[in-house]
Each structure stands twice: as structure tokens, then as C-alpha cells.
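So the structure is just underneath, and the comments pick up after that.
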Amino acid sequence: MRRRLLAFAVLVACSVFTLAIARSSFSDPTPQRVGSAACKECHDKQYQQFAGSAHGRAEQDAGRVAGDPGCESCHGPGSLHVQADGDENSPGFKTIKRYAKLSAQEANATCTGCHKAGDQFYWQHSAHARKNVSCVSCHNIHDSKDPGHAKLLSQPTTTAVCITCHKANHFALGKTAHMPVAEGEMTCADCHSPHGSAGPKQIRALTVNELCLTCHADKRGPFLWEHAPVRENCLNCHEAHGSNNDRALAAKRPYLCQRCHVATRHPSTMYDLPDLANSSSNRSLNRSCTNCHPQLHGSNHPSGKYFTR
């Protein structure tokens, strides 16, 4: 009799344990991958752009990237979301990642899981990362505005994305002497890497001069006579984004030159003390100091110590 009771008790315990496991599995099952095609049924517009983008091509050619690229590589396994069938009150509906509701760190962690070479190599130490800028602040994976959706930008151009935050630089680009950004000859990303770099201000070089000289090669040198502030930093005399002075200078001449050359070998002119009566000074006309000293970036002439003609 005791054996029968013991066997019955064991059977009941096993049944209760099995029921508890089954109920737990039913209430909180583990989501599984269902494939990108399952997403298409409800999210056709997003799927179509995804399929034509670099992300979609990576899924079609599994040899392009490691792992299993697709919708679920970014949004997580979608079986429970699919089973919810659009019911937002269902617990399974919210198991999919929605990047608009994620923190910048969480969203960026997904992106940098794949994008961690090239420019993105510097992302973790970039100014944007330190200020909690999210990848999806600049990129729109399913509704990008750039032609051809090559960069999946949230605006039609790279510059349009940058100026949504960098208002001061936007205003500078509208000054009389400016970088040819508005004309479409270059973009912000020609000088700056939005994902970070080894140089200051996320520039695409180790120094400002190295960056400037990629275009202004005639100023590179080496020169027999070097102008110290020029060799130090182009921004000693020029504004990077634009200025209302010619050649994007930081100040009008001769006042720009007088920031350093406060005592000159010239007779009393506007270089030294104010001389309002001497209105005919050739140094107050045209290009001022550079009327006589035009080779300010350096000179190879034997008598070019003072950067004269």
C-alpha cells in the first residue's frame, strides 16, 4: 500500500513539474528567427528599400559578411512579433527592437557589431560617440533620402545632415568667402569624417595643414624661407568654413598681419601709430601688406627673406 502511495505521489509531482515547465514555456517562449520574407507581409515599403540596399545585398550574398544578415540581425528574432499579428497589446509584439526607443549606446552597439572597420574604426573615441549621437540620427535604414540610397542618409546630402546640428558652421558657409559646399563642389565629409578620425575635429588627416595641403599643394613647399605661422597652422590666418574677408582670412589686412607684426621697420604709417592724415598709404589699399609681401606661404627666391615679390 505504501509503495502505491509513494508511486502516486511521485507521479503527481512529475505531472505538476511538467505542467509548470510547459506553462512557463508558453508564457515566455524564446523568440526564433523566421527570415526577412516574414517581415515583408506587414512592412513591404521598408522591406523593398532594405532589399535594394547594401544590407539587402549582403543577405542575398551570404559570402559578403559573416553570420546571418537580414532584418533580424538588427531587430532581433521575430517569431513572437510575427505571432502577435499586429496586436500591440500582445507581449510578443514588443520583443522586436525599435531603434526610435533605444538609447544611443544600445542602437550604436548593433551598428558597430558589423561596421567597425575603415572610418568606423575610430567611432568609439569620436566626438559624436562621446556626445551620445546615435547612428540613426544621421542614417535612416528604411526611408533614406539620399539619391540611390548609397549612404542611407536621413537627408538628401551629407552636408544637409551635418548642418542640422552644426548651425554655426552653416552660417559661416554662407559668408562671401567660403568653402564651395553650397555650390556642390565639396561636402563636409570631404574634410571631416563623421565617424571619427585620428586628427583633431574629426578631420581626415593628422593635422590641419596636412588636410589643407591635399588640395592646396602649391603651398606645401619645402621653401627656402618659411613663414612660421603658416607652417604651424593654416587656421592662424584663415577661417576653415568661411569669412566675410577675401580668401577666407580671419581678419582684414593689415589688421591680420598686425596681430603678430606689431612693430615694423616701416615709417610711421597705419602699421604703427594711427595716421589718419596719411590716407594715401599704399598699405591701406588693395591687398595691403601683400602688395609688397605676396609670398606669405613661403619663398624660394634668394632674396625672399621678407616674402617680397
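Can you spot a residue in the stretch 171-179 that is assigned to a loop (DSSP other than H, G, I, E, B), hydroxyl-bearing (Ser, Thr, Tyr) and farther than 21 Å from His238 by Cα? Let's see the steps before the verdict.
Here is the first cut: in the stretch 171-179, the residues assigned to a loop (DSSP other than H, G, I, E, B) are 173-176, 179.
With hydroxyl-bearing (Ser, Thr, Tyr) added as a condition, the list becomes 176.
Add one more test, that the residue is farther than 21 Å from His238 by Cα, and what stays is none.
No - not one qualifying residue is present in the stretch 171-179.
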* Asked: Consider Val136 against the criteria (1) touching a helix residue (DSSP H, G or I) at 6+ places or on another chain (Cβ under 7 Å); (2) surrounded by fewer than 18 Cβ atoms within 10 Å (Cβ to Cβ); (3) within 24 Å of Ala58 (Cα to Cα): it satisfies all of them except one. Which criterion is unmet?
  -> (2)
* Is the stretch 195-204 home to any residue that is in a strand (DSSP E or B) and within 25 Å of Glu106 (Cα to Cα)? -> no
* To do: Kindly check whether there is at least one residue in the stretch 207-222 that is surrounded by 14 or more Cβ atoms within 10 Å (Cβ to Cβ) and of a type in the set (S, T, N, Q).
  => yes
* Asked: Does Pro156 satisfy being not in a helix (DSSP H, G or I) and not assigned by TED's automatic domain parsing to the domain that holds His195?
  -> no
* To do: Exactly one condition in (1) without any contact (Cβ under 8 Å) to a residue 60 or more places away in the chain; (2) over 27 Å from Thr157 (Cβ atoms) is not met by Thr110; state its number.
  => (2)
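Each row is one residue, and each column tells you yes or no for (1) at pLDDT 85 or above; (2) of a type in the set (Phe, Trp, Tyr); (3) not in a loop (DSSP other than H, G, I, E, B).
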| position | (1), (2), (3) |
| --- | --- |
| Phe223 | yes, yes, no |
| Pro229 | yes, no, yes |
| Cys260 | yes, no, no |
| Pro267 | no, no, no |
| Asp275 | no, no, no |
| Ser280 | no, no, no |
| Asn286 | no, no, no |
| His297 | yes, no, no |
| Pro302 | yes, no, no |
* Any residue in the stretch 118-127 that is in contact (Cβ under 8 Å) with a residue 12 or more places away in the chain, among the aliphatic types (A, V, I, L, M) and either buried (at least 16 other Cβ atoms within 10 Å of the Cβ) or in contact with a strand residue (DSSP E or B) (Cβ under 6 Å, 6 or more places away or on another chain) (or both)? -> no
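The values are calculated or read from the model by the stated rules, or taken from the named source; none is laboratory data. All values derive from a computational prediction rather than experimental measurement. Don't worry about glycine lacking a Cβ; one is built from the backbone with ideal geometry, like all the others, and counts go over all protein chains shown.
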